[in-house]
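The values are calculated or read from the model by the stated rules, or taken from the named source; none is laboratory data. Source: prediction; values computed, not measured. FYI the Cβ positions are ideal-geometry reconstructions off the backbone, even for glycines, and counts take in every protein chain you see. Ligands, DNA and RNA are stripped out before the accessible areas are found, and what is left, the full protein with its side chains, is counted by its heavy atoms. Shrake-Rupley method; radii C 1.70, N 1.55, O 1.52, S 1.80 Å.
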Amino acid sequence: MICAVKQSPRAIICSDVVIRPKISVPSQRSSFLPPLPLQKPRNSAVSVHKPVHVSSLEKFGSLGVRKANLIKCEAYEAERSQPIDSSFELPQTPTPSEAAKKLKIGSYFALWWALNVVFNIYNKKVLNAYPFPWLTSTLSLAAGSLIMLISWMTRIAEAPKTDLEFWKSLFPVAIAHTIGHVAATVSMSKVAVSFTHIIKSGEPAFSVLVSRFLLGETFPLPVYLSLLPIIGGCALAAVTELNFNMTGFMGAMISNLAFVFRNIFSKRGMKGKSVSGMNYYACLSILSLLILTPFAFAVEGPQLWAAGWKTAISQIGPHFVWWVAAQSIFYHLYNQVSYMSLDEISPLTFSVGNTMKRISVIVSSIIIFRTPVQPVNALGAAIAILGTFIYSQAKQ
């Protein structure tokens, strides 16, 4: 054992595992040490597994002048050169890297666009063979509602914690969502998918106008200037559309207006609510389904549906059932992924992604359905989409 107690000008040094008294120090009471016995100490042997080095013992008893009631003692093993540090920090959980986060967002965007393209293709196929947009819209909401109810019951997804106030605030959002969904489906049943999405790219113009004249909000000048190419491009595309239909055009315009109010109601009703994007859209689908179903029966009715179904099966074949199932399922999936991505990104990034989504839908639908497009029509679509992109940049 190695032991050193240093105190100037005296020093006590001892070696070996047997400690024998070398200097007799009279005992003295201390305010911070227990009293020592006055009898003659006996020889004692201390056996340890590892030698311990007492590096310093300051202001110990009467060996020095006390300036403060403080004892500092450090000990460490003989083969170590520094005192044992008893303080340590638990390792922190590593946060996801920026590269992993960008990869996750990129995956959401790619899946969102792909699912939206697939939905629009099957939706147009179904509407060409089965022109009942009210029933088609109802089936889309029903498929999403059924998927989420099964997910909640089987605990694949955690069910949201809602109350009566939540559903009250969701009700106007569901009305606007229902109107927008049905109006867009009616538009696609009358005109080409590309034309519907070109008109729907004018939604920012409706958003600014409604917010300005109904809500009293003001915007900077670049936002108002960005509306010029949006409105001009949509007008140019509509005028030069070869298969123009007023019902299809008005359906897309009503859909724009309804979705603007949906967004406004969502911002007002969801303040302070802790419901994830996926569950929020699921609740929205369920409530919209309850609102839409009676109107679908009133506008079209089971008799028209049954007669149209027989005609579609006779013309298309049994795989028409797959078309209906696909458009219903993919409608829910692409909306669900879009709301999930909105949880991860800023509204600006979401707006840019939505603009790019429309481009992918327009191009893919023109290719798949071989929609005839004039150069002037294509120019109008490009101007409208560019204006939408400029608007998303100027609004931030």
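Could you list, in sequence order, the residues of segment 264-283 that are open to solvent by 60 Å² or more (accessible area, probe 1.4 Å) and modelled with pLDDT of 80 or more?
Phe265
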Next item on the list: Might you check whether a residue that is free of Cβ contacts under 8 Å to residues at least 60 places away in the same chain and among the small types (Gly, Ala, Ser) occurs anywhere in segment 187-202?
Entry: no
Notebook entry, point to check: Which one of these is aliphatic (A, V, I, L, M), farther than 24 Å from Thr293 by Cβ and open to solvent by 10 Å² or more (accessible area, probe 1.4 Å): Leu149, Leu214?
Noted result: Leu214
Notebook entry, point to check: Does Ser360 count as surrounded by 19 or more Cβ atoms within 10 Å (Cβ to Cβ), modelled with pLDDT under 90, in a helix (DSSP H, G or I) and under 26 Å from the mean Cα position of the chain (by Cα)?
Noted result: no
Check: Counting only residues that are under 14 Å from the mean Cα position of the chain (by Cα) and aromatic (Phe, Trp, Tyr), which one in segment 101-130 is most open to solvent (accessible area, probe 1.4 Å)?
Finding: Tyr108
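I'd like the residue in segment 368-396 that is of a type in the set (Val, Ile, Thr) and surrounded by 14 or more Cβ atoms within 10 Å (Cβ to Cβ) and, out of all such residues, is nearest to Leu236 (Cα to Cα).
Ile383
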Next item on the list: Name every residue in segment 217-232 that is among the β-branched types (Val, Ile, Thr), open to solvent by 80 Å² or more (accessible area, probe 1.4 Å) and in contact (Cβ under 8 Å) with a residue 12 or more places away in the chain, in order of residue number.
Entry: Ile231
Checklist line | Selection within segment 152-191 - part of a helix (DSSP H, G or I) and open to solvent by 60 Å² or more (accessible area, probe 1.4 Å) | finding: Met153, Leu164, Glu165, Trp167, Lys168, Phe171, Ile175, Ile179, Lys190
Notebook entry, point to check: What residue, among those in segment 291-310 that are free of Cβ contacts under 8 Å to residues at least 12 places away in the same chain and in a helix (DSSP H, G or I), is surrounded by the most Cβ atoms within 10 Å (Cβ to Cβ)?
Noted result: Phe297
Check: Of all residues in segment 192-216, which are assigned to a helix (DSSP H, G or I) and either of a type in the set (Ser, Thr, Tyr) or in contact with a strand residue (DSSP E or B) (Cβ under 8 Å, 6 or more places away or on another chain) (or both)?
Finding: Ser194, Thr196, Ser207, Ser211
Check: Does Phe213 fit the bill of being of a type in the set (Phe, Trp, Tyr), over 29 Å from the mean Cα position of the chain (by Cα) and at negative phi?
Finding: yes
Margin query: Being crowded, with 19+ Cβ neighbours inside 10 Å and hydroxyl-bearing (Ser, Thr, Tyr) is the filter here; which residues of segment 238-259 pass it?
Written below: Ser255
Checklist line | Yes/no for Thr196 being open to solvent by less than 10 Å² (accessible area, probe 1.4 Å) and of a type in the set (Ser, Thr, Tyr) | finding: yes
Item checked: Number of the condition not met by Ala235 [criteria: (1) touching a residue at least 24 places away in the same chain (Cβ under 8 Å); (2) open to solvent by less than 60 Å² (accessible area, probe 1.4 Å); (3) more than 13 Å from Ser201 (Cα to Cα)] -> (3)
Margin query: Let me confirm something: among Phe261, Phe265, Phe219, which residue is under 28 Å from the mean Cα position of the chain (by Cα) and not in a helix (DSSP H, G or I)?
Written below: Phe219
